[in-house]
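Colleague: After the structure tokens below, expect a handful of questions from me.
Derivation of every value follows stated rules applied to the coordinates shown; laboratory data play no part. Because the structure is a prediction, the values reported are computed rather than measured. Every residue, glycine among them, receives a Cβ derived from its backbone with ideal geometry; neighbour counts consider all protein chains shown.
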Amino acid sequence: MSLFLIRPATKDDCKDIVRLIKEMAENKRMPNGPRVDEEALQKDGFEKKPFYYCFVAELNKEELNSGIVGYVLYFFSYSTWEGRSIDVQDLYVSLQYRGRGIGSALQKRMAQEGIQNGCCRLNFTMLKQDMSSVQFYKEQGVIDLTETEGWDIFCLKKDDLFRLVEK
């Protein structure tokens, strides 16, 4: 029997997902931390038209410290170059459970999800200074589009969205 299982997240998992998001922010030394909370995750992921989807890695009940120890949060997008795509927002495994194949299993599940939905690509966004994640993904065959094609990622934050609309 495997140490863990990968399964679709449920509304009841949102408390654990928020815990892991906060843990990830602390580990990556992101001082402003996440602003999303359990209520927002429940609303945005489990309504009639979800904004995201999620798989969780859960330790089997036989384990002493059973529970959710990892997650991958994703959404579907579209590439005008190649068609259907999946964008991974976060793939995270608690530090004490790394090295057991959980991250690889979550990534494999994402690849399966992409194939099942006719996607041609799986997109990731990473912090440049998070070298362990960059190395993990490169070992899985992920290419850095900034290096190979020169793409940069930009964002308009909430206040700027309102300013743009008011122009």
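Colleague: If amide hydrogens are placed 1.01 Å from N in the peptide plane, which non-local residues have theirs closer than 5 Å to the one on Asp144?
Modeller: Hits under the 5 Å cutoff: none.
Colleague: Looking at (i) 1.09; (ii) 1.59; (iii) 1.20, which value of Cα Rg over 2.2 N^0.38 Å comes from a calculation on the structure shown?
Modeller: Working out Cα Rg over 2.2 N^0.38 Å from the coordinates points to (i).
Colleague: Sticking with this one: Where a Cα-Cα gap under 17 Å defines reach, which aspartates and glutamates qualify for Lys108, not counting those fewer than 8 residues away within the same chain?
Modeller: Those aspartates and glutamates meeting the cut-off are Glu58, Asp87, Asp90, Glu139.
Colleague: Within the chain, what is the longest stretch that has no chymotrypsin sites (Phe, Trp or Tyr not before Pro) placed in a DSSP loop and near at most 16 other beta-carbon atoms within 10 Å?
Modeller: Longest gap between qualifying sites, sites excluded: 82-150.
Colleague: Under 13 Å from a point 7 Å along the Cα-to-Cβ line of Met30: which residues of segment 119-150 have their amide N that close?
Modeller: 125-130
Colleague: A follow-up question, please. List the residues whose amide H sits under 5 Å from the amide H of Cys119, counting only those 5 or more places along or on another chain, with H placed 1.01 Å from N in the peptide plane.
Modeller: Those qualifying (amide H under 5 Å, at least 5 residues apart or on another chain) number zero.
Colleague: For segment 1-53, which GluC sites (Glu not before Pro) are in a loop by DSSP, counting at most 10 other Cβ atoms within 10 Å?
Modeller: Passing sites in segment 1-53 are Glu47.
Colleague: Now a separate question. Output the relative contact order of the chain, whole-number percent, from Cα pairs under 8 angstrom with separation of 6+ residues.
Modeller: 17 percent
Colleague: Please go through the residue pairs Lys48/Lys138; Lys15/Lys49; Lys43/Lys158 and name each one whose alpha carbons sit more than 24 Å apart in this structure.
Modeller: Among Lys48/Lys138; Lys15/Lys49; Lys43/Lys158, the Cα-Cα distance tops 24 Å for Lys48/Lys138.
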